[in-house]
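Q: My structure is below; once you've seen it, I'll send some questions.
Each value in this text was obtained by applying a stated rule to the coordinates, not by laboratory testing. Keep in mind that what you see is a predicted model, and the values were worked out from it rather than measured. Positions of Cβ are backbone-derived with ideal geometry, glycine not excepted, and every protein chain shown enters the neighbour counts.
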Amino acid sequence: MPDAKTEALEIIRAQQPLIASLATVAEDGRPWVRYVVPNVSDDLSMIVATSLRSRKVSHIRGNPEVHLTCGSTDMSKPGNYLQIEARAEVITDPAARKAHWSEGLSNYFQGPDDPNYVLLSITPYRIEIFGMTDMNTQVWEA
């Protein structure tokens, strides 16, 4: 059996593009969940493109603790899924925005210099891998 980090990366790589549910904490302390499409690096760090005016940016600036869920999307073919505890940061650096720009983002932004285009840098510190077929859980911690 692969180690937990390798297993998490295999689950992520099998779901391309990866669609994850991202939970943030609103100003009133309540959770708010939405779909995101993160780019995931081999060290499990993630980048998400978003709007500076989005609710998630406001939430993260108030509380950087986030939670993501991703993995198996077809209940007729159960697979493993991930519960990811992480901290997020809003990135406005022009060089980082240019480095992560893709043409698909032109549907939402005027270009990498669009002042409304920002990035979320998400750094996981704990990932639970839940096995749908064997009902076992592996844990990876940073």
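Q: Using a Debye calculation, one point per C-alpha and no hydration shell, please list log10 I(q)/I(0) for the range 85-142 at q = 0.22 Å⁻¹ in order.
A: -0.81
Q: If r is the Cβ-Cβ distance from Arg53 to Glu85 and R0 is 25 Å, what FRET efficiency results, to the nearest 0.05?
A: FRET efficiency, Arg53 to Glu85: 0.40.
Q: Compare the Cα positions of Pro38, Pro64, Ser51 along the charge dipole of the range 23-93 (+1 at Cβ of Lys, Arg; -1 at Cβ of Asp, Glu; about the Cα centre) and return the one farthest towards the positive end.
A: Ser51
Q: Could you put Lys5, Lys77, Lys56 in order, starting from the residue whose Cβ has the fewest other Cβ atoms within 10 Å?
A: Exposure proxy ranking, most exposed first: Lys77, Lys5, Lys56.
Q: Which three lengths, in whole Å and largest first, does the chain cover when its Cα atoms are put on their principal axes?
A: Extents along the principal axes: 47, 35, 29 Å.
Q: While we're looking at this one, here's another question. Could you tell me how far the Cα centroid of the range 1-75 sits from the Cα centroid of the range 82-128, in Å?
A: Distance between centres, Cα-based: 11 Å.
Q: Just to be sure I understand the model, the point goes 7 Å from the Cα along the line to the Cβ. What's the resulting Ala95 to Glu141 distance in nm?
A: With each label placed 7 Å out from Cα toward Cβ, I get 3.5 nm.
Q: Quickly estimate the mean residue ellipticity at 222 nm for the chain, helices only: each DSSP H run with n ≥ 4 gives -39500 (n - 2.57), and the total goes over all residues, rounded to 500.
A: Mean residue ellipticity at 222 nm (helix-derived): -5000 deg cm²/dmol.
Q: Would you mind ranking Arg126, Arg53 by Cβ crowding within 10 Å, fewest neighbours first?
A: Going from sparsest to densest Cβ surroundings: Arg53, Arg126.
Q: Please list, ordered by chain and number, the residues whose modelled amide H lies under 5 Å from the amide H of Ala142; skip anything fewer than 5 residues away on the same chain.
A: Close amide H contacts, sequence-distant or interchain: Arg126.
Q: When only C-alpha pairs under 8 Å and at least 6 residues apart count, what is the relative contact order of the chain, in percent?
A: 25 percent
Q: Moving to a separate point now. Counting other C-beta atoms within 10 Å, which of Ile19, Ile12, Ile91, Ile127 has the fewest, and how do the rest follow?
A: Starting with the residue having the fewest Cβ neighbours, the order is Ile19, Ile91, Ile12, Ile127.
Q: Something else about it: On a 0 to 90 degree scale, rounded to 10, what angle separates helix 4-14 from the longest Cα axis of the chain?
A: 70 degrees
Q: Using unit Cβ charges (K, R positive; D, E negative) and no other charged atoms, how large, in debye to the nearest 20, is the dipole of the chain about its Cα centre?
A: So the magnitude is around 440 debye.
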